[in-house]
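Read the structure below first, then the notes.
Read-outs throughout are calculated quantities, based only on the coordinates presented, and are distinct from any laboratory measurement. On a predicted model such as this, the values are computed, not experimentally measured, just so you know. Neighbour counts are summed over all protein chains in view; Cβ atoms, including those assigned to glycine, are modelled from backbone coordinates with ideal geometry.
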Amino acid sequence: MEKPIFKRIVLKISGEALAGKKGFGIDREVLNLIADQVIEVQKMGVEVAIVVGGGNIWRGRDGVGMDRTTADHMGMLATVINALALQDVLESKNVQTRVQTAIEMRQIAEPYIRRRAIRHLEKGRIVIFACGTGNPYFSTDTTAALRAAEIEAEVILLAKNVDGVYDDDPKKNPNAKKIDEICYIDVLNQGLGVMDTTAISLCMDNKIPIIVFGLENQENIKAAVLGKKVGTIIGELRR
């Protein structure tokens, strides 16, 4: 049996990925696909924490003419909807799951407490982080980097609706080239839009590698955990 190369991971799922081909809302088929992969990885002994985005429902930057803080708070609530939907699918498959929110809403989820999150992971529960960092002006990418550092995760798996990092937007430029491996500083210097600069900087400071891949392949999450070549690896410069 193949052995995973990571013990504890943070899986970042973009809201757009949860929408699937519909482009908006939540695609139940995509949820089931993600849940099945996560469960398979967990059965291999990997502790899994998940950060969900909310772009399939609301993005703070879409609130044109709206107060930025209000728009970002609406985006945080969108991540809670996605987190609860993912929790529901996982628990329907008999997997213990906890949702922790950066903004307290005790009736539906636990408040984020670092030690409690780590304890859940140690007990074999999947932990889903919602509400971003709880602060406006910070993305869920930054949340993934922050939570990974806090719970001492070994890697961030960044699941998107594209299969890796490109030197240009592949949706606009058909000649854009996929990058197999790149260092943090080059992502920043080249202005590649895979993650925001705060998230990349946090990962660089804490030496947390990022694996960027698409969800279209049902085996990508498992393959990444096993150390197989998937998507794009963002990490330290190799000399």
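For Rg and Dmax of the Cα atoms in Å, one of (i) 16.7, 55; (ii) 16.5, 51; (iii) 19.7, 66 was computed from the structure I shared and the rest are decoys. Which label?
(i)
Out of all DSSP beta bridges in the range 116-239, what portion is antiparallel? Express it as a percent rounded to 5.
Details: 5 of 13 bridges.
Around 40 percent of the beta bridges assigned by DSSP in the range 116-239 are antiparallel ones.
Of all beta bridges DSSP finds with both residues in the chain, what is the antiparallel percent, to the nearest 5? Could the numbers behind the result be given before it?
On the way: 5 of 34 bridges.
Here the antiparallel bridges make up roughly 15 percent for the chain.
How many angstrom lie between the C-alpha centres of the range 58-75 and the range 190-220?
Centre-to-centre distance over Cα atoms comes out at 24 Å.
What pairs in LYS178/LYS228; LYS21/LYS222; LYS7/LYS123; LYS178/LYS222; LYS93/LYS160 have C-alpha atoms more than 19 Å from each other? If you can, show how the numbers build up before the last one.
Working: LYS178/LYS228 17 Å; LYS21/LYS222 22 Å; LYS7/LYS123 13 Å; LYS178/LYS222 21 Å; LYS93/LYS160 24 Å.
Table pairs above 19 Å Cα-Cα are LYS21/LYS222; LYS178/LYS222; LYS93/LYS160.
What is the distance, in nm, between label points placed 7 Å from the Cα along the Cα-to-Cβ direction at ARG119 and at LYS207?
Result for the modelled spin labels: 3.0 nm.
Residues of the range 1-30 with backbone nitrogen within less than 20 Å of a virtual label 7 Å along the Cα-to-Cβ line of MET44, please, listed as ranges.
1-14
Multiply the residue separation of ASP169 and GLU152 by 0.36 nm, subtract the distance between their alpha-carbon atoms, and state the gained length in nm to one decimal.
Values: separation 17, 0.36 × 17 = 6.12 nm, distance 3.19 nm.
The span from ASP169 to GLU152 would gain 2.9 nm if fully extended.
Return the distance in nm (one decimal) between the two label points of a simple spin-label model at LYS3 and GLU91, each offset 7 Å from Cα along Cα→Cβ.
The answer from the label model is 3.5 nm.
Given a Förster distance of 35 angstrom, what is the FRET efficiency for LYS229 paired with ASP67, based on the Cβ-Cβ distance and rounded to 0.05? Let's see the in-between values first.
Numbers: r = 45 Å, r/R0 = 1.27.
Calculated transfer efficiency: 0.20.
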